[in-house]
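Heads up, the thing below is written out as structure tokens.
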Amino acid sequence: MNTPHHGQHQDPHEKRTIWGWAIYDWANSAFATTVMGVFFPGFFKQVWSQGVDVNLSTARLGLGSAAASLLVALMAPILGAIADRSGRRKRFMVGFTYLGVALTAGLALIPQGQWTLALACYALAYIGFAGAIVFYDALLPQIAPAQRLDQVSSLGYALGYLGGGLLLVLNVIMATKPELFGIADPALAVRLSFASVAIWWGLFALVTFAWLPADPTGLRPPLAQQITSGWRQLVVTFKKIRQLKTAFLFLLAYWCYIDGVDTIIKMAVDFGMSLGFEFKDLIGAFLVTQFIAFPSALLFGQLGRYWGVRRSIYLALGVYVLVTIWGANMTRVSEFYVLAAAIGLVQGGIQALSRSYYARFIPQRQSAEFFGFYNMLGKFAAIMGPALMGFTGLAVKRFLLPANATVEQMARTSLLATRTSIIAVLVLFLLGAVLLYFVDEEKGKLDAARFDIP
């Protein structure tokens, strides 16, 4: 006889809550794909920074994005502490969501040449996007039964890849063939794509907020007092996380390997262009990853349940190691598509299982605060990886390029530096794998339960 948690006798209210939570990933992933991943960087260069030196435009975009990421990373643990002290996880999530929705819609209205306004609007939209994720992640251990954490986390990532991919396909078609939609030109199509993300995100988020349970009721201190208490609680959490040795060790492992994962995501297009591949092929490969990641994330949820989460994460890391080695040696665009498919097989899985694995090691009463740390490391990720790639490439060129090199020698050395730089990311995957080996799941659960006792 099957027990309720095997899915046959699941409480309808619990089922609706879980689907409501997972649908938020479907909603907000449109921002990650259409805005962050594809359209904003190019539109910023071609329209809002039109006529400006390309290197200056890149610097503006890079510094603006980095500043927003840094602000979110520093805010995440504080926001989590405040949410835990006030009990207002859902309310904070609603607030950050519609900050992001409003500013994403605003991108469609910014005139040509207004790069400062565009960058400020994008940065605030990103803060809304990333800030809401802190509270979204923190709700996972509260809405999902302990035995279903991996499946529920995987469901969220799977719906995110599918939803973000579907809207991106529509927006790419709009931008490349605007006449099919009666749109005057590609620039207007991109603006309408920004608006479509705001509508998609805002409307589907309403389903999430309707189906998630309300925040606990009762008297709450004023917001200023909550912020002060949140700061104090953050100091306490720093002390606690040193005692929660399993959670701390997992965070170190996660920081290393997710830095490698994010580096592959963020540098893949640049790497492909450096090898001479066309942009349309790079977008095609991006979409391949999105749609393969949808069923694969669901599969990894089941794999974690029956085979073990840590072993499943190791399987994903093994694929990333092979992809990195193969990527350093590929010569044809067809290989780029194969590697994109391989990444799609494991990308959603490693993200989903890392989130649910971490949820086992933290006290539920302070889940928002501890997920604040988790998301902080996520935002700081892809700092070491790109730097490692950059320094490796520069070192190879410096030591191998002759003083009076010919054009042919310069091109050959530059290609070698590009290929060698991707190999450097292996260090992050291997270091993360070694640290993960020492994570004791049972001890982590016991430590978390002890901290949850009032």
| message | It is to be established whether one or more residues within the stretch 345-363 are over 27 Å from Val152 (Cβ atoms) and either open to solvent by 20 Å² or more (accessible area, probe 1.4 Å) or modelled with pLDDT of 90 or more (or both). | response | no
| said: Residues that are within 30 Å of Leu446 (Cβ to Cβ) and modelled with pLDDT of 85 or more: does the stretch 274-292 have at least one? | reply: no
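Residues checked against (1) open to solvent by less than 20 Å² (accessible area, probe 1.4 Å); (2) modelled with pLDDT under 95; (3) touching a His at 6+ places or on another chain (Cβ under 7 Å); (4) among the hydrophobic types (A, V, I, L, M, F, W, C):
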| position | (1), (2), (3), (4) |
| --- | --- |
| Ser153 | yes, yes, no, no |
| Gly156 | yes, yes, no, no |
| Glu179 | no, yes, no, no |
| Ser193 | yes, no, no, no |
| Val197 | yes, no, no, yes |
| Trp201 | yes, no, no, yes |
| Leu212 | yes, yes, no, yes |
| Pair list, Cβ under 7 Å, 6 or more apart: the stretch 306-326 residue free of Cβ contacts under 8 Å to residues at least 40 places away in the same chain, other residue open to solvent by 80 Å² or more (accessible area, probe 1.4 Å) and part of a helix (DSSP H, G or I) | Val319/Leu345
| Does at least one position in the stretch 90-99 carry a residue that is modelled with pLDDT of 85 or more, of a type outside the set (A, V, I, L, M, F, W, C) and open to solvent by less than 20 Å² (accessible area, probe 1.4 Å)? | yes
| field | Pick from the stretch 160-173, criterion open to solvent by less than 20 Å² (accessible area, probe 1.4 Å) and over 14 Å from the mean Cα position of the chain (by Cα), ranking: farthest from Ile292 (Cα to Cα) | value | Asn171
| request: Have a look at Ala27, Ala118, Ala67 and point out the one that is open to solvent by 10 Å² or more (accessible area, probe 1.4 Å) and aliphatic (A, V, I, L, M). | output: Ala67
| request: Any chance you could count how many residues in the stretch 288-318 are out of contact with any helix residue (DSSP H, G or I) (no Cβ under 6 Å at 6 or more places or on another chain) and open to solvent by less than 30 Å² (accessible area, probe 1.4 Å)? | output: 1
| Quick one: how many residues across the stretch 75-123 are of a type in the set (A, V, I, L, M, F, W, C), in contact with a Lys or Arg (Cβ under 9 Å, 6 or more places away or on another chain) and under 30 Å from Arg365 (Cα atoms)? | 4
| request: Find all pairs meeting these conditions: Cβ atoms under 6 angstrom apart; at least six residues apart or on different chains; first residue within the stretch 327-345 and in contact (Cβ under 8 Å) with a residue 24 or more places away in the chain; second residue among the hydroxyl-bearing types (Ser, Thr, Tyr) and surrounded by 22 or more Cβ atoms within 10 Å (Cβ to Cβ). | output: Ala340/Thr289; Ile343/Thr289; Gly344/Thr289; Leu345/Ser296
| task | Read through the list (1) modelled with pLDDT of 80 or more; (2) surrounded by fewer than 23 Cβ atoms within 10 Å (Cβ to Cβ), then give the number of the only condition that Ala132 fails. | result | (2)
| request: Examine the stretch 105-122 for a residue that is modelled with pLDDT of 90 or more, touching a Cys at 6+ places or on another chain (Cβ under 8 Å) and in a helix (DSSP H, G or I), and state whether such a residue exists. | output: yes
| task | Inspect the stretch 111-134 for any residue being among the hydrophobic types (A, V, I, L, M, F, W, C) and farther than 27 Å from Leu192 by Cβ and give the result as yes or no. | result | yes
| task | Would you check if there is a residue in the stretch 38-49 being open to solvent by 40 Å² or more (accessible area, probe 1.4 Å), within 23 Å of Val190 (Cα to Cα), touching a helix residue (DSSP H, G or I) at 6+ places or on another chain (Cβ under 9 Å) and at pLDDT below 80? | result | yes
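The values are calculated or read from the model by the stated rules, or taken from the named source; none is laboratory data. Treat the numbers as computed from the prediction; the structure is a model and nothing was measured. Cβ atoms come from the backbone with ideal geometry, glycine included; neighbour counts cover every protein chain shown. Areas reflect the complete protein model, heavy atoms only, side chains present, ligands, DNA and RNA absent. Shrake-Rupley method; radii C 1.70, N 1.55, O 1.52, S 1.80 Å.
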